[in-house]
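The values are calculated or read from the model by the stated rules, or taken from the named source; none is laboratory data. In this text, all values refer to a predicted model and were calculated from it rather than measured experimentally. Glycine gets a Cβ as well: all are built from the backbone with ideal geometry, and neighbour counts include every protein chain shown.
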Amino acid sequence: MYELLYLIPAPLTEKDLPNVSKKVKETIEKLGGKISKEENLGNKKLSYPIKQIYRGFYLLLNFEIDPKKLKELDQKLKLIPEILRHLVTKAIKKKKVVRLSQKKQEEKTLKSEKSTKKIDIKKLGEKIDDLFEI
């Protein structure tokens with residue numbers, strides 16, 4: 001599973017996005033890839049100007065493809081003039097994230113469960129005596 005993040009310059013409008021997206025999808029499918037998810041991340045300001053362009057549309061695609069075809073895909077994406085920049089990465093499976101507040105809550109419940117257990121004083125005394133016997 002791979003992710004493709006590509007940037008389309010803002011001088012193009014939102015009406016032009018489907019055409020560019022279609023070109024990218026066709027390129028991936030011609031190489032034997034299968035697209036599983038597509039997401040428009042919106043129009044954002046670039047960190048630094050690229051070719052005197054300050055804003056762009058970020059689009060994200062999740063897809064599967066033979067790893068041997070990635071280099072060819074990269075070359076074909078460079079030939080699409082509407083794409084300002086692109087990046088293909090291997091998708092990472094997300095792990096379950098436990099929030100710090102959840103972790104603290106779990107610790108509190110464990111502490112409260114431990115504190116509610118009653119200790120038998122006679123058994124405790126016997127264990128202490130056993131420990132000090134030589």
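Residues of region 37-53 being assigned to a strand (DSSP E or B) and either of a type in the set (D, E, K, R) or surrounded by 12 or more Cβ atoms within 10 Å (Cβ to Cβ) (or both), which ones?
K37, E38, E39, N40, N43, K44, K45, L46, I50, I53
To keep it simple, each residue is scored yes or no on (1) within 18 Å of L87 (Cβ to Cβ); (2) assigned by TED's automatic domain parsing to the domain that holds E64; (3) at pLDDT below 90.
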{"position": "E14", "(1), (2), (3)": "no, yes, yes"}
{"position": "K23", "(1), (2), (3)": "yes, yes, no"}
{"position": "T27", "(1), (2), (3)": "yes, yes, no"}
{"position": "K30", "(1), (2), (3)": "no, yes, no"}
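Residue-by-condition table, conditions (1) modelled with pLDDT under 70; (2) more than 30 Å from L4 (Cα to Cα):
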| residue | (1), (2) |
| --- | --- |
| K69 | no, no |
| V88 | no, no |
| K93 | no, no |
| V97 | yes, no |
| S101 | yes, yes |
| E107 | no, yes |
| D120 | no, yes |
| G125 | no, yes |
| D129 | no, yes |
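Which one is farthest from P49 (Cα to Cα) among residues in region 2-12 that are modelled with pLDDT of 90 or more and aliphatic (A, V, I, L, M)?
At the first step, the residues of region 2-12 found to be modelled with pLDDT of 90 or more are 2-9.
Of the ones still in play, those that are also aliphatic (A, V, I, L, M) are 4-5, 7-8.
Numbers: L4: 21, L5: 18, L7: 13, I8: 13 Å.
Ranking the qualifying residues of region 2-12, first place goes to L4.
Starting from region 55-79, take each residue that is more than 16 Å from K34 (Cα to Cα) and outside the structural domain of P18 (by TED's automatic domain parsing) and list its partners that are among the aliphatic types (A, V, I, L, M) and surrounded by 16 or more Cβ atoms within 10 Å (Cβ to Cβ), counting only C-beta distances under 7 angstrom and pairs at least six apart or across chains.
none
Among the basic types (K, R), outside any loop (DSSP other than H, G, I, E, B) and loosely packed, with under 14 Cβ neighbours inside 10 Å: which single residue out of K15, K71, K76, K23 fits that description?
Details: K15 fails: outside any loop (DSSP other than H, G, I, E, B); K76 fails: loosely packed, with under 14 Cβ neighbours inside 10 Å; K23 fails: loosely packed, with under 14 Cβ neighbours inside 10 Å.
Just a single option satisfies the conditions, and that option is K71.
Could you please let me know if L7 is within 16 Å of P81 (Cα to Cα) and part of a strand (DSSP E or B)?
yes
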